[in-house]
Amino acid sequence: MSFLDRLGRIAVAAPFVWLGAEAAADPGIRVKLAVDLGVPEALADKAVRFNGAAMVAGGLGVATGILPRAAALGLVGSMVPTTLAGHAYWKDTDPMARKMNRIHLLKNVGLVGAALVVAAAAGRRGADGARPGQED
């Protein structure tokens, strides 16, 4: 794996690890957002914590190259409820809140795109992480 591959994977993983750890440790307002999304109130705290832990695990997998395809695809899955619950800008009536949530939604779309690139690249690599016919 090249230096740029490693650096890119760490950059993609960093927000997932950091923000996932925050959500797992202190779900806070995310619990209400999960309930608003349709998660039963009795399960919302656990769902937010689980989603945060999944982001940490996926981020670490992407960063370290341990099961990178599964890790990246797991991150994509975790971003769907996160983005719908946290950044539904189309529901905002305040123009500034709408703008900020649209920015965060687009940022999340970019993170999903980066995770998909990692997943696609991992699918083209061998078990040792190297591209076929390439030495590191």
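The values are calculated or read from the model by the stated rules, or taken from the named source; none is laboratory data. The shown structure was predicted, so the numbers you read here are calculated from the model rather than taken from an experiment. As a convention, Cβ positions derive from the backbone with ideal geometry for all residues, glycine included, and neighbour counts pool all protein chains shown.
Taking the conditions exactly as written (buried (at least 17 other Cβ atoms within 10 Å of the Cβ) and modelled with pLDDT of 95 or more), does Ala71 satisfy them or not? So Ala71 passes the test.
Residues in the range 67-87 that are within 24 Å of Arg124 (Cβ to Cβ) and part of a helix (DSSP H, G or I): Pro68, Arg69, Ala70, Ala71, Ala72, Leu73, Gly74, Leu75, Val76, Gly77, Ser78, Met79.
From the list Gly129, Gly133, pick out the single residue that is of a type outside the set (Val, Ile, Thr), part of a loop (DSSP other than H, G, I, E, B), surrounded by 14 or more Cβ atoms within 10 Å (Cβ to Cβ) and modelled with pLDDT under 95.
On the way: Gly133 fails: surrounded by 14 or more Cβ atoms within 10 Å (Cβ to Cβ).
Within the list Gly129, Gly133, the selection yields Gly129.
Leu105 - would you say it is part of a helix (DSSP H, G or I) and without any contact (Cβ under 8 Å) to a residue 24 or more places away in the chain? Against the criterion (part of a helix (DSSP H, G or I) and without any contact (Cβ under 8 Å) to a residue 24 or more places away in the chain), Leu105 qualifies. If I filter the range 78-95 for residues that are more than 30 Å from Ser2 (Cβ to Cβ), without any contact (Cβ under 8 Å) to a residue 24 or more places away in the chain and crowded, with 17+ Cβ neighbours inside 10 Å, do I get at least one hit? So far as the range 78-95 goes, yes, one or more of its residues are more than 30 Å from Ser2 (Cβ to Cβ), without any contact (Cβ under 8 Å) to a residue 24 or more places away in the chain and crowded, with 17+ Cβ neighbours inside 10 Å.
Checking the stated criteria, Leu105 turns out not to satisfy the condition of being within 16 Å of the chain's Cα centre (by Cα) and within 17 Å of Gly20 (Cβ to Cβ). Within the option set Arg9, Arg49, being basic (Lys, Arg) and more than 19 Å from Gly113 (Cβ to Cβ) holds for one residue only, Arg49.
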